[in-house]
1. How high is the FRET efficiency between N39 and R194 when r is their beta carbon distance and R₀ equals 41 Å, given to the nearest 0.05?
2. Take the Cβ-Cβ distance between I57 and K148 as r, set R0 to 22 Å, and report the resulting FRET efficiency rounded to the nearest 0.05.
3. What nm distance separates the two modelled labels at L179 and K96, each placed 7 Å from Cα along Cα→Cβ?
4. Can you give me the long-range amide H partners of K69? Hydrogens built in the peptide plane at 1.01 Å from N, cutoff under 5 Å, separation of 5 or more residues or another chain.
5. Amide H neighbours of M32 under 5 Å, counting only residues 5+ apart in sequence or on other chains, H built in-plane at 1.01 Å?
6. Could you derive backbone 3J(HN,Hα) for the stretch 127-140 from the dihedral phi with the Karplus parameters 6.51, -1.76 and 1.60 (θ = phi - 60°), listing whole Hz in sequence and x where the residue is Gly or Pro?
7. Mind listing P(r) for the stretch 38-170? All alpha-carbon pairs, 5 Å bins, whole percents.
8. Would you mind computing, in nm to one decimal, how far apart the modelled labels at K112 and N164 are, each placed 7 Å from Cα along Cα→Cβ?
Amino acid sequence: MAVRVRGLTDNHFEEFDYTRSLEEEWEPKPGMVYDSLENLVQDYKSYGNKKGFAAIIRSTTKGDDGDVKYVALACSCHGKARSNCRNAFKMHPMTKTDCKARIHASIRFDGKWTISSIILDHNHELSSPTKTRYFKSNRIIHLSVKRKLEVNNKTDIRPNKNFNVLIVEVGGAENLPFLQKDCRNYIEKVRRLRLGVGDASAIQKYFLKMQSENSNFFNT
């Protein structure tokens, strides 16, 4: 993969192409230039997966035209933990450690993105790379899988069997980019939407029926 890098030579920045092999580990450096913000975000997320942290988009700044001009990508442990729980005995795992690891990037006049500053150090223990797939930001149910879950749900296949079918298809749960609870949550969401549409349709039919029977009945 080729990435354009701006290096410091003779007290000024000069851009050059940096090509890395698939085996070489990518690490963000000031001056790297990307054709799109999506490519930059993908590289930083992949870097986080290999290092053992979840990378997220922390903030964006838009210009007068409404387009994003600046972006901050950070470790998901950024910020300070806040607890609204009044029960002192009900403890939750700490996920915010005010971690400062992040990169800042801005868009150039030609539409490309440049990394302007970087902080690599984390103030917390990193996860094993084999466990990064459990990060919420990495758990994705693709459209084709969603359709299969919906079809199986309509045939009254239980969520656990639905998930087991997917495991067999990919050769193991470790090859799935999501967890069983993600499938269950998606199925429940689809069911709620389906019930909502059904209720609205039933109410509409009721109003039409009442209007046909009574010309003085109005739906407000």
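1. Between N39 and R194 the formula returns 0.65.
2. Details: r = 29 Å, r/R0 = 1.33.
Efficiency, rounded to the nearest 0.05: 0.15.
3. 2.1
4. Residues meeting the criterion, in which the H sits 1.01 Å from N, are T61, K62, G63.
5. Placed amide hydrogens put R6, I115 under 5 Å from M32.
6. 7, 5, x, 6, 9, 5, 5, 7, 4, 4, 5, 9, 8, 10
7. 2, 8, 14, 15, 12, 13, 13, 12, 7, 3, 1, 0
8. 5.3
Values in this text are rule-based calculations from the coordinates and carry no lab data. Quick caveat, the model's predicted, so the values are computed rather than measured. Glycine gets a Cβ as well: all are built from the backbone with ideal geometry, and neighbour counts include every protein chain shown.
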